[in-house]
1. Quick one: which of SER217, SER233, SER194 is more than 30 Å from TYR157 (Cα to Cα) and open to solvent by less than 30 Å² (accessible area, probe 1.4 Å)?
2. Report, by residue number, each residue of the stretch 118-141 that is over 30 Å from LEU96 (Cα atoms) and more than 13 Å from the chain's Cα centre (by Cα).
3. Looking only at the stretch 124-137, filter to residues that are closer than 25 Å to LYS152 by Cβ and of a type outside the set (Phe, Trp, Tyr); which one of those is surrounded by the fewest Cβ atoms within 10 Å (Cβ to Cβ)?
4. Are there any pairs with C-beta distances below 9 angstrom linking a residue in the stretch 104-122 that is part of a strand (DSSP E or B) to a residue that is open to solvent by 50 Å² or more (accessible area, probe 1.4 Å) and acidic (Asp, Glu), with the two at least 6 apart or on different chains, and if so which?
5. What's the number of the only condition in (1) within 21 Å of LEU40 (Cβ to Cβ); (2) in contact (Cβ under 8 Å) with a residue 60 or more places away in the chain; (3) not in a strand (DSSP E or B) that LYS99 fails to meet?
6. Given the conditions (1) in a strand (DSSP E or B); (2) more than 24 Å from HIS283 (Cα to Cα); (3) at pLDDT 85 or above, report the number of the one that SER249 does not fulfil.
7. If you check ILE212, ILE203, ILE178, which single one turns out to be modelled with pLDDT of 85 or more, under 19 Å from the mean Cα position of the chain (by Cα), over 24 Å from PHE22 (Cβ atoms) and not small (Gly, Ala, Ser)?
8. Considering only residues that are acidic (Asp, Glu) and open to solvent by less than 60 Å² (accessible area, probe 1.4 Å), look in the stretch 277-326 and name the one that is farthest from ILE247 (Cα to Cα).
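The values are calculated or read from the model by the stated rules, or taken from the named source; none is laboratory data. Please read these numbers as outputs of a predicted model, since none were measured by experiment. Cβ coordinates were reconstructed from backbone atoms using ideal geometry, including for glycine residues, and neighbour counts include every protein chain displayed. Ligands, DNA and RNA are stripped out before the accessible areas are found, and what is left, the full protein with its side chains, is counted by its heavy atoms. Shrake-Rupley method; radii C 1.70, N 1.55, O 1.52, S 1.80 Å.
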Amino acid sequence: MFSGFFSQVKLDLVLQSDTIVFHGNEDSASSKLLFGKVVLKVLKRAKISLLKVISIGKTEFSFIERSKALYSITEMDRDVYNTGKLQVLNKTEILLDGKKNQMYLDPGTFEYSFIITLPGDLPESVYTAHGSTEYSLKAVLETSSYLSGLSKQIPIYIGRIPYSGSSTFMPADDPNEIQKEFAEKLSVKLNTSSKYYAENQVIDLVADISLINPDISILSIGAKINENITIKSFIDSNVKKDFLKLINSSRKELEAKIKPNFLDSSEFSLELRLPQSYRDMQHDIENNTFSVSHQIHFDINVEIDGTSQNLVVSLPITVVPNEYFSEMLSLPKYSPKIQLEKDELMMPPEYSEF
């Protein structure tokens, strides 16, 4: 009887999009709607008890840290295991209810659409080796109280484009640069065309190097993207663990030692490609449990009087959802100026292109 029902009804779950991106911080973002439908293909007349969709989200982590035992009089540290699990979303939408009144479906294909409201304060999806925030949507078809129902579950992704400040919605996307001088050695100016990048994009890093010490030779240059992850305990935010992950790297060996007469002010460029899958690289986030940020570390291997040294300059970047480019940058910029008519009536502010 159990296998017979499976042969009678086939269930599918279809979403308009498996990605929801909030605009704004957790305390200010509006809700978003998740659109989808459940498709039932009935091959033989079947009795239906309940059809529902459940949206689920949970945050969990586990890490080990070195800590002194409480009230210990020794200097020895011990390993403390920190773990936590928290349900951040659990909503059920009933599409068919045949528990009170018997319900039968005749052979055919039936579609049941649904709209789920997701609150704007949901934490973003995170996938790391030591912790995660994951979401999924599950469709369940129940037939009777003593039989397991049909079900299908698919993952959904929650992202966020945060405000850059209290007075502006659009984050400023000026060129990203930093300059650093190593005393009596050389100066380096790093720049990228943008501060914001998304999955599968290429970062063109340009380094402008000027030598100060005539006895310096440049042997090689390199760059790497590091992902910095901090996980904080639910109970005590002071209990936390930092993790570092290498995202990508590039290195260029110079064929000949670069001398000052050749390098008054020379530019070098390196390409760094970000991973295509968001599971391989997290977006920059900051919430109660997870903090994620990214930096480009540019290093120059130099030789001074026969001794090799490695000089490092760091440039922060922000990794955002693809929707930052497809949604945010296509919006008109908003001018907050107020126009006054001759009759002194205050008019609504206008949209304008700066």
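1. Details: SER233 fails: more than 30 Å from TYR157 (Cα to Cα); SER194 fails: more than 30 Å from TYR157 (Cα to Cα).
Every option except SER217 fails the conditions.
2. Listed by number, the residues that qualify are ALA129, HIS130, GLY131.
3. Start the filter on the stretch 124-137 by keeping residues that are closer than 25 Å to LYS152 by Cβ, which leaves 124-127, 132-137.
Of the ones still in play, those that are also of a type outside the set (Phe, Trp, Tyr) are 124-126, 132-134, 136-137.
Working: GLU124: 23, SER125: 25, VAL126: 23, SER132: 18, THR133: 24, GLU134: 17, SER136: 15, LEU137: 23.
By that ranking, first place goes to SER136.
4. Qualifying pairs under 9 Å: PHE114/GLU93; ILE115/GLU93; ILE116/GLU93.
5. (2)
6. The one condition SER249 does not meet is (2).
7. On the way: ILE212 fails: under 19 Å from the mean Cα position of the chain (by Cα); ILE178 fails: under 19 Å from the mean Cα position of the chain (by Cα).
One residue alone meets the criteria, ILE203.
8. Taking the stretch 277-326 as the starting set, the residues that turn out to be acidic (Asp, Glu) are 280, 284, 286, 299, 303, 305, 323.
Still in the list and also open to solvent by less than 60 Å² (accessible area, probe 1.4 Å): 284, 299, 303, 323.
On the way: ASP284: 13, ASP299: 16, GLU303: 28, GLU323: 21 Å.
Checking each candidate, the answer is GLU303.
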